[in-house]
1. Relative to the first principal axis of the alpha-carbon coordinates of the chain, what is the inclination of helix 79-105, with its axis defined by its Cα atoms, in degrees from 0 to 90 and to the nearest 10?
2. Would you mind pulling out the separation of the Cα centroids of segment 1-51 and segment 62-91, in Å?
3. Quick one: 63, 76, 71, fewest Cβ neighbours within 10 Å first, how do they rank?
4. Out of these labelled values of log10 I(q)/I(0) by the Debye sum over Cα atoms at q = 0.09, 0.15 Å⁻¹, [x] -0.55, -0.86; [y] -0.46, -0.77; [z] -0.22, -0.61, which was calculated from the coordinates shown here?
5. How far is helix 51-67 tilted off the main Cα axis of the chain, in degrees rounded to 10, range 0 to 90?
């Protein structure tokens with residue numbers, strides 16, 4: 001397998017693994033939320049407070065962050081984007097080096113021979 005194809009395969013495998021973890025996180029969120037509700041309401045663990053709502057809200061917030069990272073951020077900040085940014089920076093650095101070399105190699109007007 002060529003290096004480029006190997007990179008594409010590894011990237012695809014990584015993305016599938018990330019998506020799989022998000023789906024697993026969602027399932028755990030649902031099961032965990034049900035467990036927290038049952039613990040608080042049916043098993044009467046600190047029943048005077050609805051603490052399960054705070055726990056589920058915090059967990060949902062973490063799930064949303066996880067979801068955004070995998071499906072939104074990784075969707076447009078991927079290997080292709082990374083490669084483009086590197087190419088831009090390298091091109092900018094090369095232009096800057098060329099400008100500096102031109103300044104250094106620029107002939108000066110020291111041939112003025114006035115007495």
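Coordinate-derived values only; no laboratory data. As the structure is a computational prediction, the values presented were derived from the model and not from experiment. Here the Cβ is made from the backbone with ideal geometry for all residues, glycine too, and neighbour counts use every protein chain on show.
1. With both axes taken from Cα atoms, the answer is about 20 degrees.
2. So the separation of the two Cα centres works out to 21 Å.
3. So the ranking, lowest neighbour count to highest, is 76, 71, 63.
4. Answer by label: [x].
5. Helix 51-67 sits roughly 30 degrees off the main axis of the chain.
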